[in-house]
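Note sheet for the following structure.
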Amino acid sequence: MVLLIEMNSNDWRVEQVIKTIEDLGYAVQKSATQTNTILGVSGLNGDADIKQFSLIEGVSKVFKVSDPYIFASRDFRQDDTIVKLPGLDIGGEKFVMFAGPCAIENEKQIYTIAEKIAASGARVLRGGAFKPRTSPYSFQGLGKEGLRLIRKAADYFGLYVVTEILESSQIGMISEYTDIFQVGARNMYNYPLLKELGKIEKPVLLKRSFAATIEEFLMSAEYILAGGNSRVILCERGIRTFENSTRNTFDISAIPVIHKKSHLPVIADPSHASGFRDFVSPIARAAVAAGAQGLMLEVHHDPVHALSDGPQALLPDQYTKLIDEIKGILSVLGRQFN
Ligand code: PEP
Ligand code: MN
């Protein structure tokens, strides 16, 4: 069972609640985010306990343990979480474009693409320096040199950086170059990594795994949130189904479902969802209409020679056209392009 403490309770009040519960013979664990204090209580049995605990002064809400996630839940925080970077809000009514190549390949490539996407409204430059490839013989990324290049290009064009982390030993190094850590589909279940990312302050963009239910996806977010890092952005990137005419199947319903269940920002990645550039724009438009608070798009000026995911990369002109269409959809919805 988990108890939510009333907002604005002082330390003394929280300690009183803990003491009351301990005096009843239960073990209590405290966990606090910037805005909320939560107490986990173990050793309980049955529903009767809920009433008993909700009557303690200072307790605002009681969650049964059968609610698998607490910090990620809309019950825990009713308002949308806005993940803030200086001059950029991710979440709520705002819409943010993340774009760039699948992988950083060389200086000319990342500068060329950064310039194009910045000119048409992207705020975050994506690009992998450490690539989790299905084949060990495929391009694995430029590593630290890639991080240096994406940072330089992003700074030059006034963009933020998001790049993927593969293992917790990379946190310190990647932190020097990135604004947002990306956890890819393959690592959504890497709980030791998620726990470590829960200890840092930088935002984490968490992608849904290939076969993860929405509940499992939110449980992974919970690992980061429970560690104390409240800056989590969720990314729907398609799931694996029996359909094989696209790389994955974009789960459009995940967007409204997550909005109902969670306060966390949800963005969509139609590039990995579809696998083919011809399908990226229609899926992107649908995702925006369904309420995505941002898109992550792969863009390449020379996709034939791209070292990874060329077939799904939008050409710069396709990207610019899509941005105009998205602005139209957002204005119908009364939402803002950020
Ligand atoms: C990526 O964004 O480059 C990536 C590898 O995506 P995913 O983890 O969704 O497959
Ligand atoms: Mn890719």
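The values are calculated or read from the model by the stated rules, or taken from the named source; none is laboratory data. As the structure is a prediction and not an experimental result, all values here were calculated from the model. Counting neighbours? That spans all protein chains shown, and the Cβs are built from the backbone with ideal geometry, glycine included. Calculation scope for accessible area: heavy atoms of the full protein, side chains included, ligands and nucleic acids excluded. Shrake-Rupley method; radii C 1.70, N 1.55, O 1.52, S 1.80 Å.
For a quick check of your reading of the filter: which chymotrypsin sites (Phe, Trp or Tyr not before Pro) in segment 248-338 sit in a DSSP loop and have no more than 15 other Cβ atoms within 10 Å?
Details: sites: F250, F276, F279, Y319, F337; in loops: F250, F276.
Counting only loop positions with at most 15 other Cβ atoms within 10 Å, the chymotrypsin sites (Phe, Trp or Tyr not before Pro) in segment 248-338 are F276.
Would you work out which of V41, L297, L194 lies farthest towards the positive end of the dipole of the chain, given +1 charges on the beta-carbon of Lys and Arg and -1 on that of Asp and Glu, about the Cα centre?
L297
Would you work out which of V183, A32, V161 lies farthest towards the positive end of the dipole of the chain? Charges go on Cβ: Lys and Arg +1, Asp and Glu -1.
Highest projection toward the positive end goes to V161.
With a 1.4 Å probe and all protein chains kept in place, how much accessible area does D251 have, in Å² rounded to the nearest 10?
So the heavy atoms of D251 present about 30 Å² to solvent.
Within segment 115-202, report the GluC sites (Glu not before Pro) that DSSP leaves as loop and that have at most 11 other Cβ atoms within 10 Å. Before the final figure, lay out the partial values.
Numbers: sites: E115, E145, E164, E167, E176, E196, E201; in loops: E167, E176, E201.
For GluC sites (Glu not before Pro) across segment 115-202 that sit outside H, G, I, E and B with at most 11 neighbouring Cβ atoms in 10 Å, the list reads E176, E201.
Once you list every other residue whose beta carbon is under 15 Å from the beta carbon of K327, what net charge do they have if Lys and Arg are +1 and Asp and Glu are -1?
Details: positive: K94, R123, R285, K321, R335; negative: E93, D324, E325.
Around K327, the surrounding residues sum to +2.
Write down the percent of antiparallel bridges among all DSSP beta bridges whose residues are both part of the chain, to the nearest 5. Don't skip to the answer; put the middle values down first.
Numbers: 18 of 46 bridges.
The antiparallel fraction comes to roughly 40 percent.
Quick one: angle between helix 277-289 and the longest Cα principal axis of the chain, in degrees between 0 and 90, rounded to 10, please.
Relative to the chain, helix 277-289 is tipped by roughly 40 degrees.
Say the cut-off is 21 Å between C-alpha atoms; which of K199/K260; K30/K64; K207/K321 go over it?
Details: K199/K260 27 Å; K30/K64 16 Å; K207/K321 26 Å.
Distance filter (> 21 Å) returns K199/K260; K207/K321.
Send over a whole-number figure in Å² for the accessible area per residue of segment 159-253, probe 1.4 Å.
39
So what are the radius of gyration and Dmax for the Cα set of the chain, in Å?
In order Rg, Dmax, the Cα atoms of the chain give 21.2, 68 Å.
When the accessible area of segment 207-338 is split by element with a 1.4 Å probe, what percent falls to carbon and sulfur? Please report the intermediate quantities before stating the final value.
On the way: 2950 of 5120 Å².
Carbon with sulfur: 58 percent of the solvent-accessible area.
In degrees between 0 and 90, to the nearest 10, how far off the longest principal axis of the chain does helix 107-119 point, with axes built from Cα atoms?
It is inclined by approximately 70 degrees.
What is the total of Lys pairs in segment 103-175 with C-alpha atoms under 17 Å apart, excluding same-chain pairs fewer than 8 positions apart? Write down the numbers at each step before the final one.
Details: K108/K116; K108/K144; K108/K152; K116/K152; K131/K144; K144/K152.
Qualifying lysine pairs in segment 103-175: 6.
With +1 on each Lys and Arg Cβ and -1 on each Asp and Glu Cβ, how big is the dipole of the chain about its Cα centre, in debye rounded to the nearest 20?
On the way: 37 positive and 39 negative charges, 84 e Å.
In total the dipole reaches around 400 debye.
I'd like the per residue volume of the convex hull spanned by the Cα atoms of segment 206-291, given in cubic angstrom. Let's see the in-between values first.
Details: hull volume 6.9 nm³, N = 86.
It comes to 80 Å³ per residue, whole-number rounded.
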